[in-house]
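The values are calculated or read from the model by the stated rules, or taken from the named source; none is laboratory data. Given the structure is predicted, the values throughout are model-derived calculations rather than measurements. Positions of Cβ are backbone-derived with ideal geometry, glycine not excepted, and every protein chain shown enters the neighbour counts. SASA here: full protein model, heavy atoms, side chains in, ligands and nucleic acids out. Shrake-Rupley method; radii C 1.70, N 1.55, O 1.52, S 1.80 Å.
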Amino acid sequence: MTFDTGRATEFIKSIDLSGTPRGILQQDAATEAGEVFDKAKSQAQVVGSGVFSFAQGVTTEVREAISDSALLAQLVANKQVSADEKPLDWFAAYSKVLQNVGWTLQEGGWTDYTAKGTAVEVNEKIIEVMTVALGPAPAALAIVTATITALKAMNAGSPWITIFSRESQKAKIARFQIGLVEREETSDVFVSLLACLIEAHNNITQVLFFRFKDAGACFRANSSKVSINRQAVTQLGLSIRSKILAYQTDYLSTILNI
């Protein structure tokens, strides 16, 4: 089916982000002057409550387009839905924006993983679930694992952790996305996307280290296979960038080589 870029452009123009929380993050010049997207490297970036990993070979253009699209979806969902009151509605709003800018999501539905497997900490459960979602793809899993390991090793005051914690933790609710973008073929771009939701009896802190089983919390996840129309990537980039430009410093981390 042909993607309607005209309709997508009108959708982007109709978005009003005025009043959207800025979540101001103070980053100094040294922090901001980090790595840039590089096709030759495996890299990762925090985009609000999302962590996206890019495999070697994914073009710079595609990396930027995915980062910008995910940020647009984050900002719209934040404005429309209270994530701590209706987290599933937040994910629905997030997905709707992505679908309108060329992402096709084939969702597997929400699964309760609380009693499945042996993982206790959230970071362990992410790897456990992604292992199943990615199937026989050790190289892809290694990229996700390296990204989560890098997050774990970061100082609690780093911009990466500051952004991710601010956007993913809402009192007794934690919701976030883990995305893996692998080397695209000549047509569409393919992403493995895992949406995670934790609901606890008490406030959640340090979400990656949260021992959800010990706390009696519920861990649910929704695994999606995503294809992104290449025409959308090339033609909508500037329109999306113009919408989210003012928010990049507050919601995007520097780029990490993994």
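Here are a few things to note about the model shown:
- A simple spin-label model places the labels of Glu128 and Lys152 1.3 nm from each other, with each point 7 Å out along Cα-to-Cβ.
- In this structure segment 1-155 gives 47 Å² per residue of accessible area when probed at 1.4 Å with all protein chains present.
- Remark on Val51: its backbone amide H falls under 5 Å from those of Gln177, Ile178, Gly179, a criterion applied only to residues 5 or more positions apart or on other chains, H modelled at 1.01 Å from N.
- Here the Karplus relation 6.51 cos²θ - 1.76 cosθ + 1.60, evaluated at θ = phi - 60°, turns the backbone of segment 156-170 into coupling constants of 4, x, 5, x, 4, 6, 4, 5, 4, 5, 4, 8, 9, 9, 10 Hz, with x for every Gly and Pro.
- Taking the C-alpha atoms only, the angle from helix 230-244 to the longest principal axis of the chain is near 80 degrees.
- Here the gap between Lys96 and Asn203, fully extended at 0.36 nm per residue and compared with their Cα-Cα distance, gives a gain of 35.7 nm.
- Exposed-site-free run, longest, the chain (rule: GluC sites (Glu not before Pro); DSSP loop; at most 16 other C-beta within 10 Å): 86-184
- Using alpha-carbon coordinates, inclination of helix 138-153 to the longest axis of the chain, degrees: 70
- Rounded to the nearest 500, the helix-only mean residue ellipticity at 222 nm of the chain stands at -13000 deg cm²/dmol, with each DSSP H run of n ≥ 4 adding -39,500 (n - 2.57).
- Solvent-accessible area, 1.4 Å probe, carbon plus sulfur percent, for the chain: 52
- Prolate/oblate/rounded call for segment 75-152, Cα gyration tensor, a/c under 1.5 rounded: prolate
- Long pairs among Lys152/Lys172; Lys96/Lys170; Lys41/Lys225; Lys152/Lys213; Lys39/Lys152; Lys39/Lys125, criterion Cα-Cα beyond 27 Å: Lys39/Lys125
- Sparsely packed loop sites in segment 135-229 (the chymotrypsin sites (Phe, Trp or Tyr not before Pro) outside DSSP H, G, I, E and B with at most 15 other Cβ atoms within 10 Å) do not occur.
- Label-reachable residues, segment 206-244, where backbone N falls under 11 Å from a point 7 Å from Lys39's Cα toward its Cβ: none
- Against the main long axis of the alpha-carbon atoms of the chain, helix 87-100 sits at an angle near 20°.
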